[in-house]
1. For ALA41, which sequence-distant residues (separation of 5 or more, or a different chain) have an amide H within less than 5 Å of its own amide H, given hydrogens modelled in the peptide plane?
2. Where does helix 2-17 land angle-wise versus the long Cα axis of the chain, in degrees 0 to 90, nearest 10?
3. Once the cut-off is 18 Å, how many percent of the Cα-Cα pairs in the chain end up in the long-distance tail?
4. Give me the one-decimal nm value for the distance between modelled label points at THR57 and ASP33, 7 Å along each residue's Cα-to-Cβ direction.
5. How far apart, in nm, are two points set 7 Å out from the Cα along the Cα-to-Cβ line at VAL43 and at VAL3?
6. Using Cα pairs closer than 8 Å and at least 6 residues apart in sequence, work out the relative contact order for the chain, in percent.
7. Testing the spin-label approximation: label points 7 Å from Cα along Cα→Cβ at VAL15 and LEU50. State their distance in nm.
Amino acid sequence: MPVLAVCWIAVLALVLRFGGEAPAVFVPFPPADLLASLPDAAVTSVSPILLTLRSDTPDLTQRLYAAGAWLVLPAGLEGCIPGAP
């Protein structure tokens, strides 16, 4: 089961990195100075281990990696069926 979870996280990260889109993104264990280099990103949630960001720019994922994030995952996805709860 842990291998399946790691594989799923890897697939999500790779799809987002190479062209996928999401309404927001999660950055686990964000570097302390991450937000200083992203003035147009809005913080929607923050905790000691997770940061959730939203931005209207299409290259947010690439800019997060360039700013020092080691992993960026999609957040706010609706699921497979549009409009499903």
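Rule-based calculations on the coordinates, nothing more; no lab input. Model, not experiment: these values are computed from the prediction. As a convention, Cβ positions derive from the backbone with ideal geometry for all residues, glycine included, and neighbour counts pool all protein chains shown.
1. Amide H to amide H, under 5 Å and 5 or more residues apart or across chains, ALA41 pairs with nothing.
2. Around 60 degrees separate the two axes.
3. So the pairs more than 18 Å apart make up 42 percent of the total in the chain.
4. If labels sit at THR57 and ASP33, their model points lie 1.7 nm apart.
5. Modelled inter-label distance: 3.9 nm.
6. 38 percent
7. 1.8 nm
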